[in-house]
Structure formats: structure tokens, C-alpha cells
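The values are calculated or read from the model by the stated rules, or taken from the named source; none is laboratory data. Source: prediction; values computed, not measured. No Cβ is skipped: glycine too gets one built from the backbone with ideal geometry, and neighbour counts run over all protein chains shown. Side chains are part of the model used for accessible areas, which takes the heavy atoms of the whole protein and leaves out ligands, DNA and RNA. Shrake-Rupley method; radii C 1.70, N 1.55, O 1.52, S 1.80 Å.
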Amino acid sequence: MLPDFVESLGDGLHAIDTGFERPHFDAAYLIVDGGRAAFVDTGTNHAVPRLLGALHGLGLENGAVDWVIATHVHLDHAGGAGLLMQSLPNARLVVHPRGERHMIDPSALVAGATAVYGEAELKRSYGVPVGVDAARITTTTDGMTLLLGQRRLEFIDTPGHARHHHCIWDARTRTWFTGDTFGLSYPELVSARGRWVTPTSAPVQFDPEPLKASVKRLLERQPAALCVTHFGRLPNAPNLGPLLFSQIDEMAAIGERLRHAENRHAHLCDAMRAMYVQRLAEHGFGDLEGSLALLATDVEINAQGLASWLDRTS
């Protein structure tokens, strides 16, 4: 029996709520084909019992996992990969080549996260990431495929959110596993117009034009669905691309307008909130205050990411 934090998506796909921050905030995915399994993203160290619980709930042993795939190496996506690998004797970690060194030695990731959150909060929220033996790592190239049972998974390079980001295409279900490239779409943020989606510019490699190019590549496949880490399966719809493209442009314009502002971070946060209020109202949300509360963390993180982009391009 599947635990209540696992949702079956059909055709061997399963979404796992990792429990990070709040329910329906951070997802990992489990793909099963012919008795073989792959995880896409892992959440943090604290998520590992849930990932193994999902596997066992499907009647699979730890040795059935062939691949642990990190869309990118941010800790809410790959922080638990090293600890998880310790329980999976046959698995290889699949990572973008730019992220490989961080999976072998996560000290730089830890230092960066500590600078943002502080040591105590890092341990509380993420645990301490564990390195992975280099001999157990496979790095990807654009267009590369891997076999899971009889299912082929294709990888494409998708910079813009991070330079160490790739997305995974499951041709059988016409589904992309998008990490943060296709933004975030919390299940609570749904109106009569359907799910709402917004970009994420989390530090430190946000780059608007490459991000738009990556989103375009995803949509060119005319996917049936996009599985985003934050959160869940997002059925493709004609409005999703325009929603993302226009907001990426608006975020870049906000950054440029405030590039030299005094107390820049506070102004960036205020501008992000204003953008969200307008966009949510346009999408038909009545409870703007409640909707904005769900995005409070994203306001802060996106403002930090915009500042990183501005500093990098000054």
C-alpha cells in the first residue's frame, strides 16, 4: 500500500511529497518500469525515509533502483542524494556535469546555504549533505538517453535557473521532469483558469534569456504534462508558456529598474509582491492575501536571486 505522501500519476510515475517546509511544497518523483526504478530529485536528507517508504509501498526492494537523478544540485532537489545512495546498492547518481563536483564534495553547497540560512537552520531544514563516490556518478550530455526497464529517459541541458540544470523527458507519457526550469506551481494556486505557474530565480545563477530558451525547448515537444518539483504534475495548457515568458521578462525589468536602488533587497521584495498580486488577480484569484502568503518564501528567495543576477551583470 502506498503511503499517503505518495500520489500515483499513472503509467509508472509517482509523486512523493518530501515534507520539506510544508505539504505540497517539494516533490521527488519515482519512475517504475519492469520492476526497475529511478528517483528524480530527492529532497533533503530528511526526505530519505519517505523515498524508501514509497519504494517499499510499491513492493520494490532497495536493489531495484538503477538511477537517482538530480535535476540540479540545489539542496531542496539533491541535498538527500548522498544519504539515499547509501541505501541503494545498485543505483548510480545522474547529474549535470557542472554539478558533479558538488555531489562528490558538497562542502561548497553547504557553505553557500549556510551563508543564506545560518548553520542551525541549515541542519534543521536540510540536514548535512553526504558526498557520493565519484565511481557511482554518471554525468549527462544534451540529448543523452538512459534505459529504465524498457523506458528511455532523455536529458536536455536547460540553463537559466541554474547552469547545472537538465530536464528529463519520458517519451512514453510525454512528460517532462522539469526541476525548477518550468518554475513553480503550488496545487493551492488554482482558479477557474487552471493552475498558475511562476518562474523561480533562486540564487545564484538566474539568467532570464537562457531560461526563456530552455522553457521554449520544453514546450516544443508539446508535452502532455510537466512534473515540477514545486509541486506536482502540471497538465500542459496553452496559457502556461505565456505566463512564464511574460513573468521572466517582468522580473528582469524589475531588476534593471532597481539595479542601483538604495536598500535594494527590500525594494526587490516589494516589487515581487506587487507583481504576484497583479498576476494572481489576472488569473482569477479572490483571496490574494492567502495566495500571497504561500509565496512569502519565494518573494525572499527570488529577490536574492535577482540581486545575484544584477551583481553578476554589473
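Exactly one residue out of ARG152, ARG174, ARG195 is buried (at least 20 other Cβ atoms within 10 Å of the Cβ) and among the basic types (Lys, Arg): that is ARG195.
Could you check how many residues of the range 109-127 are open to solvent by 40 Å² or more (accessible area, probe 1.4 Å) and free of Cβ contacts under 8 Å to residues at least 12 places away in the same chain? Of the residues in that region, 9 qualify.
I need the full set of residues from the range 299-314 which are farther than 14 Å from ALA266 by Cα and touching a helix residue (DSSP H, G or I) at 6+ places or on another chain (Cβ under 8 Å), in order please. Don't jump to the end; show me each part of the working.
Of all residues in the range 299-314, those farther than 14 Å from ALA266 by Cα come to 308-314.
TRP309, LEU310, listed by residue number.
Taken together, the criteria exclude ARG22 from residues that are out of contact with any strand residue (DSSP E or B) (no Cβ under 8 Å at 6 or more places or on another chain), surrounded by fewer than 20 Cβ atoms within 10 Å (Cβ to Cβ), not in a loop (DSSP other than H, G, I, E, B) and not small (Gly, Ala, Ser).
Residues in the range 67-88 that are open to solvent by 30 Å² or more (accessible area, probe 1.4 Å) and more than 17 Å from PHE20 (Cα to Cα): 3 in all. Here is the figure for the range 276-295: residues that are hydrophobic (A, V, I, L, M, F, W, C) and in contact with a Ser or Thr (Cβ under 9 Å, 6 or more places away or on another chain) total 4.
Pull up the range 279-294, narrow it to residues that are among the aliphatic types (A, V, I, L, M) and surrounded by fewer than 20 Cβ atoms within 10 Å (Cβ to Cβ), then point me to the one that is nearest to ARG22 (Cα to Cα).
The initial filter retains those residues of the range 279-294 that are among the aliphatic types (A, V, I, L, M), namely 280-281, 288, 292-294.
From the residues that got through so far, the ones that are surrounded by fewer than 20 Cβ atoms within 10 Å (Cβ to Cβ) too are 281, 288, 292-294.
On the way: ALA281: 24, LEU288: 20, LEU292: 15, ALA293: 13, LEU294: 10 Å.
Ranking the qualifying residues of the range 279-294, first place goes to LEU294.
Considering only the range 261-278, how many residues are closer than 19 Å to VAL197 by Cα and either open to solvent by 70 Å² or more (accessible area, probe 1.4 Å) or part of a loop (DSSP other than H, G, I, E, B) (or both)? Steps first, please.
Filtering the range 261-278 for residues closer than 19 Å to VAL197 by Cα gives 269, 271-278.
With either open to solvent by 70 Å² or more (accessible area, probe 1.4 Å) or part of a loop (DSSP other than H, G, I, E, B) (or both) added as a condition, the list becomes 273, 278.
Qualifying residue count for the region: 2.
Inspection of the range 303-314 finds a residue satisfying the criterion of being under 16 Å from GLY160 (Cα atoms), open to solvent by 60 Å² or more (accessible area, probe 1.4 Å) and in a loop (DSSP other than H, G, I, E, B).
Kindly check whether there is at least one residue in the range 53-66 that is over 15 Å from the mean Cα position of the chain (by Cα), open to solvent by 30 Å² or more (accessible area, probe 1.4 Å) and within 20 Å of HIS230 (Cα to Cα). Scanning the range 53-66 turns up no residue that is over 15 Å from the mean Cα position of the chain (by Cα), open to solvent by 30 Å² or more (accessible area, probe 1.4 Å) and within 20 Å of HIS230 (Cα to Cα).
Being within 16 Å of LEU30 (Cα to Cα) and touching a Ser or Thr at 6+ places or on another chain (Cβ under 6 Å) is not true of LEU93.
Does LEU244 fit the bill of being in contact (Cβ under 8 Å) with a residue 40 or more places away in the chain and either outside any helix (DSSP H, G or I) or buried (at least 20 other Cβ atoms within 10 Å of the Cβ) (or both)? So LEU244 passes the test. Counting only residues that are in contact with a Pro (Cβ under 7 Å, 6 or more places away or on another chain) and open to solvent by 40 Å² or more (accessible area, probe 1.4 Å), the range 250-260 holds 0 of them.
Residues checked against (1) assigned to a strand (DSSP E or B); (2) open to solvent by 10 Å² or more (accessible area, probe 1.4 Å); (3) touching a residue at least 24 places away in the same chain (Cβ under 8 Å):
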| residue | (1), (2), (3) |
| --- | --- |
| ILE168 | yes, no, yes |
| THR178 | yes, no, yes |
| PHE182 | no, no, yes |
| TYR186 | no, no, yes |
| SER201 | no, no, yes |
| VAL204 | no, yes, yes |
| LEU211 | no, no, yes |
| SER214 | no, no, yes |
| LEU219 | no, yes, no |
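Here the range 89-108 is the region considered, the condition is being of a type outside the set (A, V, I, L, M, F, W, C), more than 17 Å from the chain's Cα centre (by Cα) and assigned to a loop (DSSP other than H, G, I, E, B), and the residue that is surrounded by the most Cβ atoms within 10 Å (Cβ to Cβ) is PRO106.
Return a yes/no flag: does the range 249-258 have any residue that is over 23 Å from SER214 (Cα atoms) and free of Cβ contacts under 8 Å to residues at least 12 places away in the same chain. Before the answer, list the steps.
Taking the range 249-258 and keeping what is over 23 Å from SER214 (Cα atoms), we get 257-258.
Imposing the further condition that a residue be free of Cβ contacts under 8 Å to residues at least 12 places away in the same chain reduces the set to none.
No, the range 249-258 contains no residue that is over 23 Å from SER214 (Cα atoms) and free of Cβ contacts under 8 Å to residues at least 12 places away in the same chain.
Looking only at residues in the range 221-238 that are open to solvent by 40 Å² or more (accessible area, probe 1.4 Å) and out of contact with any Ser or Thr (no Cβ under 9 Å at 6 or more places or on another chain), the one that is farthest from VAL40 (Cα to Cα) is PRO238.
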